[in-house]
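Participant: Sharing a structure with you now.
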Amino acid sequence: MGRIVKQVSEGTTKYYWYPGDKREWIRAGVALGLGVLAFGLLLLLTRDLLAATVVGTSVAGGVAGVNFGRRDARALAGFPDLGDRAARRAAVGHTGRAVWRALAHGFGGAAAAVLILNLPHRGIVADWILPIVPTVVGALAHQGGMLYERLGTSATTPGPAGQPAPSLEAAK
């Protein structure tokens with residue numbers, strides 16, 4: 001949970017709470033900004049609204065997908081063992097945040113598809129293929145973000161990959 005503190009007067013302080021972390025909101029703003037920039041540049045260069053919209057939403061979805069993938073990988077690495085009651089409660093918190101990220105990512109893909117479908121272009125490519133491009137790019141970027149985060153942990157660095165795997169001899 002984030003917090004903005006504003007000193008209104010000498011004896012009055014207002015606190016504004018917002019969901020999430022400030023860094024994550026900045027990353028979301030960067031993803032949106034890069035998508036708008038790609039849209040604007042391509043529209044300026046090609047004058048094709050359909051191509052600019054597909055590329056702009058794909059860039060925004062890709063950057064957001066990488067961010068979501070990295071966050072999901074970090075959350076998965078910190079997921080508690082479900083052996084006791086306190087760990088199960090902590091798992092509910094992890095799961096709730098993951099559901100929120102999935103809803104945000106799914107809504108972004110659906111909004112991009114609706115936006116592309118409502119453009120004046122018609123045809124099989126414009127109506128059936130191009131609307132799913134931003135969602136596919138976002139999903140692939142999500143996987144890439146998870147992989148990137150996992151590559152940062154190896155047997156020589158701390159993290160989940162640094163734990164030795166149980167051998168078959170120990171299992172016998």
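Participant: How long are the semi-axes of the ellipsoid equivalent to the range 15-92, from square roots of 5 times the Cα gyration tensor eigenvalues, in whole Å, largest first?
Facilitator: Calculated on Cα positions only, the semi-axes equal 37, 15, 8 Å.
Participant: Right, next: Between Gln143 and Val30, what is the label-to-label distance in nm when each label sits 7 Å out along the Cα-to-Cβ direction?
Facilitator: Distance between the two pseudo-spin positions: 2.4 nm.
Participant: I've got another one for you. Tally up the carbon and sulfur contribution to the accessible surface of the range 81-129 as a whole percent, 1.4 Å probe, everything protein left in place. Intermediate values should be presented prior to the final figure.
Facilitator: On the way: 2510 of 3580 Å².
Carbon and sulfur atoms account for 70 percent of the accessible area of the range 81-129.
Participant: Please list, by residue number, every one of the trypsin sites (Lys or Arg not before Pro) in the range 70-136 that is coil in DSSP and has at most 14 other beta-carbon atoms within 10 Å. Walk me through the numbers on the way to the answer.
Facilitator: Details: sites: Arg70, Arg71, Arg74, Arg85, Arg88, Arg89, Arg97, Arg101, Arg122; in loops: Arg122.
Hits after loop and neighbour filter: Arg122.
Participant: Leaving out ligands and nucleic acids, and using a 1.4 Å probe, what accessible area per residue does the range 21-150 come to in Å²?
Facilitator: Values: 8090 Å² over 130 residues.
Counting only protein heavy atoms, the per-residue value for the range 21-150 is 62 Å².
Participant: Lys and Arg at +1, Asp and Glu at -1: add these up for the other residues within a Cβ distance under 13 Å of Thr95 and post the number.
Facilitator: For residues surrounding Thr95, the net value is +3.
Participant: So what's the range 21-150 giving for Cα Rg divided by 2.2 N^0.38 Å, two decimals?
Facilitator: 1.23
The values are calculated or read from the model by the stated rules, or taken from the named source; none is laboratory data. Because the structure is a prediction, the values reported are computed rather than measured. Positions of Cβ are backbone-derived with ideal geometry, glycine not excepted, and every protein chain shown enters the neighbour counts. Accessible surface areas use protein heavy atoms only, side chains included; no ligands, DNA or RNA. Shrake-Rupley method; radii C 1.70, N 1.55, O 1.52, S 1.80 Å.
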